[in-house]
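As structure tokens, the structure follows; a few thoughts come after it.
The values are calculated or read from the model by the stated rules, or taken from the named source; none is laboratory data. Being a predicted model, the structure only gives us computed values, none of them experimental. Here Cβ is always computed from backbone atoms with ideal geometry, including for glycine, and neighbour counts include all displayed protein chains. Ligands, DNA and RNA are stripped out before the accessible areas are found, and what is left, the full protein with its side chains, is counted by its heavy atoms. Shrake-Rupley method; radii C 1.70, N 1.55, O 1.52, S 1.80 Å.
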Amino acid sequence: ASYGLTLVGYMGNNTLPARAGDLMRVVLLGGPRRGVLGTVVAERVLDACALMAIFAFVVLDRGLDFGPLPYLVAAGVLVVLAAATVWRLAPRVREWTRPLVGSTRDLLSPYGAALLALSLVLWTVEALVYAVVGAAVGVHLGVTGGLYVMALTNLSALIPAAPGYVGTYDAAVLLALRSLRQPALGYLLVVRFVL
């Protein structure tokens with residue numbers, strides 16, 4: 001049931017605004033809502049960690065300009081600091097968010113490290129799709145270019161946006177390809193179609 005609802009959540013994210021597919025999954029799964037929502041939060045944290053690691057690796061490996069990385073890191077640090085401050089100072093907030101934080105805290109374990117390793121492998125497979133699409137349209141990304149484009153675009157997709165991530169995803173693809181000095185518009189249309 002949980003696997004099937006993951007696909008329903010993806011469908012919802014592609015057709016509803018603000019990542020509402022994740023909330024659909026929480027409602028349809030049943031059980032304690034905050035505990036189920038905590039698993040979605042943990043999933044997003046795991047995705048963000050894996051994508052940031054891939055993005056940082058590729059940027060350092062290719063000697064690219066850091067682009068939006070410092071801004072993403074700074075925004076992430078500010079969000080974490082604000083959440084930690086509210087969580088410490090407001091006992092009612094702490095009590096309400098405990099089930100959400102509990103799932104994420106479980107990632108700080110050997111099991112969480114294994115999940116991160118698996119996540120890195122899966123994101124790398126998705127990056128190969130980006131590289132193959134590039135080869136099909138005459139954009140030579142290679143594996144590291146595919147990793148770069150995939151990481152930047154999927155980090156942008158973590159931001160709640162329009163249905164199908166229209167706008168944020170497209171801007172990230174264009175930014176990534178332009179920073180690699182590659183033609184972008186044709187690639188964007190084909191990668192949208194393939195994914």
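Here is how the numbers come out for the structure above:
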| item | result |
| --- | --- |
| Residue in segment 179-189 that is nearest to V59 (Cα to Cα), counting only those that are open to solvent by 50 Å² or more (accessible area, probe 1.4 Å) and modelled with pLDDT of 90 or more | P183 |
| Sole residue being open to solvent by 40 Å² or more (accessible area, probe 1.4 Å) and touching a residue at least 24 places away in the same chain (Cβ under 8 Å), chosen from L81, L147, L158 | L158 |
| Filter result for R181 (free of Cβ contacts under 8 Å to residues at least 12 places away in the same chain, basic (K, R) and not in a helix (DSSP H, G or I)) | yes |
| Hey, V166 more than 16 Å from F57 (Cβ to Cβ), of a type in the set (A, V, I, L, M) and open to solvent by 60 Å² or more (accessible area, probe 1.4 Å) or not | yes |
| Which numbered condition D65 fails, given (1) at pLDDT below 75; (2) closer than 26 Å to A184 by Cα; (3) assigned to a helix (DSSP H, G or I) | (3) |
| Qualifying residue in segment 144-159 (condition: more than 19 Å from Y10 (Cβ to Cβ), out of contact with any helix residue (DSSP H, G or I) (no Cβ under 6 Å at 6 or more places or on another chain) and either modelled with pLDDT of 85 or more or not polar (S, T, N, Q) (or both)) | yes |
| Every residue from segment 156-170 that is closer than 20 Å to M52 by Cα and outside any helix (DSSP H, G or I) | L158, I159, P160, A161 |
| Output for segment 161-175, where each listed residue is aliphatic (A, V, I, L, M) and without any contact (Cβ under 8 Å) to a residue 40 or more places away in the chain | V166, A171, A172, V173, L174 |
| Residue in segment 93-108 that is among the polar types (S, T, N, Q) and open to solvent by 40 Å² or more (accessible area, probe 1.4 Å) present | no |
| Residue check, Y187 touching a helix residue (DSSP H, G or I) at 6+ places or on another chain (Cβ under 7 Å), of a type in the set (S, T, Y), over 26 Å from A18 (Cβ atoms) and in a helix (DSSP H, G or I) | yes |
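Residues checked against (1) of a type outside the set (V, I, T); (2) in a helix (DSSP H, G or I); (3) over 16 Å from M52 (Cα atoms):
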{"site": "V80", "(1), (2), (3)": "no, yes, no"}
{"site": "V93", "(1), (2), (3)": "no, yes, yes"}
{"site": "W96", "(1), (2), (3)": "yes, yes, yes"}
{"site": "T104", "(1), (2), (3)": "no, yes, yes"}
{"site": "V121", "(1), (2), (3)": "no, yes, no"}
{"site": "V129", "(1), (2), (3)": "no, yes, yes"}
{"site": "M150", "(1), (2), (3)": "yes, yes, no"}
{"site": "N154", "(1), (2), (3)": "yes, yes, no"}
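For every residue, the table says whether it meets (1) buried (at least 18 other Cβ atoms within 10 Å of the Cβ); (2) modelled with pLDDT of 90 or more; (3) among the charged types (D, E, K, R); (4) out of contact with any Ser or Thr (no Cβ under 7 Å at 6 or more places or on another chain).
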| site | (1), (2), (3), (4) |
| --- | --- |
| Y3 | no, no, no, yes |
| N14 | no, no, no, yes |
| A20 | no, no, no, yes |
| L28 | no, no, no, yes |
| V36 | yes, no, no, yes |
| T39 | yes, no, no, no |
| A53 | no, yes, no, yes |
